[in-house]
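Report on the following structure.
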Amino acid sequence: MSFTRKSGVMASAGAVVASVMLLYACAPKAKSSAIGNLGDAASKTYVAPGSYDEFYFFTSGGFSGQVGVYGLPSGRLLKVIPVFSQNAENGYGYNTETRAMLNTSWGMVPWDDTHHPSLSMTGGEHDGRWLFINANNTPRFARIDLKSFETTETIELPNTGGNHGAPFTTENTEYIVGATRFSVPIPQKDVGFDKFADEFKGTISFVKANEEGKMDVAFQVLMPGFDYDLGRPGKGPSHGWVFFTSYNTEQAHTKLEVNASKNDKDYIAAVNWKAGEQCVAQGKSKTWNARYAHNTYNMATHMATTEMKNSVKVLDPKDCPGLVYYLPTPKSPHGVDVDPTGEYIVGGGKLATVIPVHSFSKFQKAIADKKFEKEVSTIPVLNYEATMYCEVANPGLGPLHNEFDAEGNAYTSVFITSEIVKWSLKDCKVADRVPTYYSIGHLTVPGGDTKKPYGKYVIAMNKITKDRYLPTGPELTQSAQLYDITGPKMKLLLDFPTIGEPHYAQAILASKIKTEQVKFFKLADNKHPYVARTEQETGVSRSGRTVHVKMTAIRSHFAPDNIEGVQAGDTVLFHVTNLEQDWDVPHGFAAIGSANDSELLVMPGQTRTLTWVAKYPGVYPFYCTDFCSALHQEMQGYVRVAPSGAAVALQATTSKKSQVAFAEAGLPVGSK
């Protein structure tokens with residue numbers, strides 16, 4: 001090798017080494033330093049023992065049918081609230097008291113798919129009263145009381161095929177609103193698929209929600225047979241409107257991944273619900289027969305009941321001019337979100353190359369100037385440029401959802417390129433982007449759907465978590481990721497596993513609700529038909545082949561704890577009242593072979609019923625399932641089952657005090 005050539009090789013090698021060293025020098029010092037310093041991240045998410053998180057974070061449980069409650073910034077799981085699925089952990093949906101919460105026109109449906117929690121609002125801000133959530137499969141809404149963290153009301157939506165786009169709470173909780181995902185024949189009837197374009201329709205439902213126990217479908221708007229996806233009510237100047245994305249404006253009914261993606265633009269449906277109210281008041285709606293269930297849980301009786309409703313008011317846009325307009329939006333839009341000022345309506349076209357931002361004021365002017373491109377089923381379609389504020393360029397591939405901070409920034413989840421993109425509403429330019437791990441769906445900024453976002457964090461809800469956690473067989477945990485948004489650059493702070501499949505989530509300042517919590521239910525207020533407020537009120541009774549056991553639970557015994565006179569083939573109803581009047585002292589109850597029920601978890605002052613069938617002669621134990629005291633293991637009892645027709649008297653063993661009380665009343669034990 002010549003000197004010149006050797007020198008050249010050495011120089012090239014040196015350049016490569018230098019380049020590598022330079023790259024190494026510029027590389028992250030630690031695995032996560034590109035997206036947040038580890039020590040910094042730990043200090044920002046650490047909540048010291050005995051301290052509280054700053055936010056409650058409510059996630060949909062997706063296919064679990066429930067709601068998860070976490071603390072932020074720690075990511076600690078606080079509670080799973082049973083909503084649309086039976087929950088064997090506490091008996092929700094199994095026991096007599098709560099089973100009716102799952103009643104529908106199809107009967108008792110034990111499972112569903114929750115997607116989008118929505119907090120109640122007053123004046124466009126979270127008020128801490130309730131959390132609403134949808135059931136996607138058998139269309140329903142639920143109300144969760146944020147004082148008891150219990151589901152207190154559910155209502156079924158008639159004329160609806162898939163309640164994905166729901167619920168969305170209007171500025172003062174006048175309504176929670178939802179739209180059909182699947183267009184179907186409305187009212188339902190047998191129709192050939194060749195008539196899809198003519199016979200299949202969608203609906204947008206407005207459900208009154210501002211009074212506890214009185215949710216009702218105020219009216220439905222009959223829509224063309226597209227797929228309606230997600231929505232947001234307006235606020236401020238756009239209050240009175242609600243906006244829903246639609247896709248499949250091609251009205252395909254097979255191979256939608258191809259046939260529903262042909263149009264360059266689909267629509268955001270803008271619905272003027274105040275105009276709808278006026279049209280209903282003017283008698284322009286039609287009353288249709290429709291059977292649907294309304295279930296309410298009574299905090300006094302601790303029982304749920306069902307009311308079947310039989311009609312609903314339906315508005316056709318052709319009978320109510322000004323009710324609905326279509327805003328062309330590229331392409332197969334998924335999310336639509338309204339910024340805190342109420343002026344900007346941001347689409348999320350999952351196949352689009354830009355983020356389209358409509359202006360509400362330009363939208364209103366376009367209506368006044370009649371800048372319409374055409375009509376679809378009598379609904380005016382506005383000129384795209386006439387409503388457009390801007391298109392955000394280079395958002396990444398697959399923009400889905402948007403949330404906002406209080407500084408005029410928007411945060412968009414981008415599915416295909418797996419990132420969060422921060423951009424400014426002022427100049428519509430991307431200011432930052434940060435990767436997510438992996439394939440983000442929804443995202444949440446605390447208060448991001450209100451007039452006054454709390455900001456501070458953005459939370460990604462991801463669809464894939466390969467390599468992020470210890471593997472657990474074929475199914476890996478679902479996950480959320482917490483990012484700091486207080487600076488110009490977003491920083492990843494924390495991964496935390498979530499239950500089910502979280503779709504959307506909302507967060508509220510803990511200070512708005514933590515001091516309002518129910519600590520126990522007052523025994524004196526318990527109106528359950530089988531309540532036993534003292535041991536003196538316990539006892540057993542027979543009605544045909546059903547035996548009722550009025551039982552109390554208190555640290556550390558059941559009363560009665562020995563029951564005789566039950567016969568094989570009897571159904572035994574254990575009505576258990578928790579006598580404790582203190583916070584955080586539930587008692588559990590379980591009996592061997594409970595084939596028709598799960599365990600009970602009875603809160604202080606509450607009554608719950610376990611249904612147990614005495615199949616075989618013998619003596620069978622029951623016990624408390626929730627460790628309640630040092631003598632928890634002693635909290636047990638037996639039920640003796642005699643052969644059918646045996647002459648064993650029905651009786652129960654209670655305390656001496658109780659026996660004295662029975663004797664003084666002239667009653668044999670077991671007669672009550």
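The values are calculated or read from the model by the stated rules, or taken from the named source; none is laboratory data. Given the structure is predicted, the values throughout are model-derived calculations rather than measurements. All Cβ positions, even for glycine, are placed from backbone atoms using ideal geometry, and neighbour counts span all protein chains on display. Accessible surface areas use protein heavy atoms only, side chains included; no ligands, DNA or RNA. Shrake-Rupley method; radii C 1.70, N 1.55, O 1.52, S 1.80 Å.
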**OP:** Treat each spin label as a single point 7 Å out from the Cα along the C-beta direction, and report the Glu257 to Ala649 distance in nm.
**Re:** 7.3 nm
**OP:** Normalising by the residue count of the chain, find the relative contact order in percent from Cα pairs under 8 Å and 6+ residues apart.
**Re:** 10 percent
**OP:** Set Lys and Arg Cβ to +1 and Asp and Glu Cβ to -1, take the dipole of the chain about its Cα centre, and tell me which of Pro187, Val540, Tyr56 lies farthest positive.
**Re:** Tyr56
Subject >> Charged-residue dipole, Cβ positions (Lys, Arg, Asp, Glu), region 135-294 about Cα centre, Debye nearest 20 >> reply: 220 debye
Original post:
Distance from the Cα centre of region 202-259 to that of region 465-521, in angstrom?
Top reply: 28 Å
Subject >> Global geometry of region 254-309, whether rounded, prolate or oblate, following the gyration tensor of its Cα atoms and the 1.5 cut on a/c >> reply: oblate
**OP:** Would you mind working out the magnitude of the charge dipole of the chain relative to its Cα centre, with +1 at each Lys and Arg C-beta and -1 at each Asp and Glu C-beta, to the nearest 20 Debye?
**Re:** 620 debye
Subject >> Computed label-point distance, nm, for sites Ala630 and Asp432 using a 7 Å Cα→Cβ extension >> reply: 5.4 nm
**OP:** Tell me what the chain gives for mean residue ellipticity at 222 nm when only DSSP H runs of n ≥ 4 count, each as -39,500 (n - 2.57), the sum divided by the residue total, rounded to 500 deg cm²/dmol.
**Re:** -3000 deg cm²/dmol
Subject >> Ordering of 571-577, 398-404 by burial proxy (mean other Cβ atoms within 10 Å per residue, highest first) >> reply: 398-404, 571-577
Original post:
Considering only the other residues whose Cβ falls under 11 Å of the Cβ of Asp561, what net charge follows from Lys and Arg at +1 and Asp and Glu at -1?
Top reply: -2
Original post:
Can you give the relative contact order of region 509-657 as a percent, counting alpha carbon pairs under 8 Å and 6+ residues apart?
Top reply: 28 percent
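Under the rule a/c < 1.5 gives rounded, and otherwise a/b versus b/c splits prolate from oblate, where does the chain land using the Cα gyration tensor? Please report the intermediate quantities before stating the final value.
Values: a/c = 2.40, a/b = 1.48, b/c = 1.62.
Note, shape of the chain comes out oblate.
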Subject >> Label-reachable residues, region 237-273, where backbone N falls under 20 Å from a point 7 Å from Asp194's Cα toward its Cβ >> reply: 251-255
**OP:** Would you mind working out the magnitude of the charge dipole of region 285-436 relative to its Cα centre, with +1 at each Lys and Arg C-beta and -1 at each Asp and Glu C-beta, to the nearest 20 Debye?
**Re:** 520 debye
**OP:** Could you tally the net charge around Gly236, taking each other residue with its Cβ under 9 Å from the Cβ of Gly236, Lys/Arg +1 and Asp/Glu -1?
**Re:** 0
**OP:** Report the accessible area of Tyr437, computed with a 1.4 Å probe over the heavy atoms of all protein chains in place, in Å² rounded to the nearest 10.
**Re:** 50 Å²
Original post:
Taking the Cα centre of each part, how many Å lie between region 437-452 and region 633-653?
Top reply: 56 Å
Original post:
Cα centroid distance between region 558-575 and region 357-416, in Å?
Top reply: 65 Å
Original post:
Expressed as a rounded percentage, what relative contact order does region 72-184 have, with Cα pairs under 8 Å and six or more residues apart?
Top reply: 19 percent
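Quick one: net charge of Val619's neighbours, Cβ under 14 Å, K/R +1, D/E -1? Can you show the working numbers first?
On the way: positive: Lys615, Arg640; negative: Asp561, Glu564.
Counting the neighbours of Val619, the net charge comes to 0.
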**OP:** Please sort 291-302, 340-351 by packing, taking for each peptide the average over its residues of neighbouring beta carbons within 10 angstrom, highest first.
**Re:** 340-351, 291-302
Original post:
Mind listing which trypsin sites (Lys or Arg not before Pro) in region 358-416 are in a DSSP loop and have 15 or fewer other Cβ atoms within 10 Å?
Top reply: Lys370
Original post:
In terms of solvent-accessible area of protein heavy atoms at a 1.4 angstrom probe, what is the ranking of Ser556, Ser43, highest value first?
Top reply: Ser43, Ser556
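Checking the a/c ratio against 1.5 first, then a/b against b/c, what shape does the Cα gyration tensor give for region 289-436? Let's see the in-between values first.
On the way: a/c = 2.40, a/b = 1.34, b/c = 1.78.
Judged from the Cα gyration tensor, region 289-436 comes out oblate (a/c at least 1.5, b/c at or above a/b).
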**OP:** Could you point to the residue in Ser205, Val217, Pro604 farthest towards the positive end of the chain's charge dipole, with +1 and -1 charges on the Cβ of Lys/Arg and Asp/Glu respectively?
**Re:** Ser205
Original post:
So, in nm, how far is label Ser311 from label Lys214 when the simple model puts each one 7 Å beyond its Cα toward the Cβ?
Top reply: 2.0 nm
Subject >> In Å², nearest 10: area of Trp111 left accessible to a 1.4 Å probe >> reply: 110 Å²
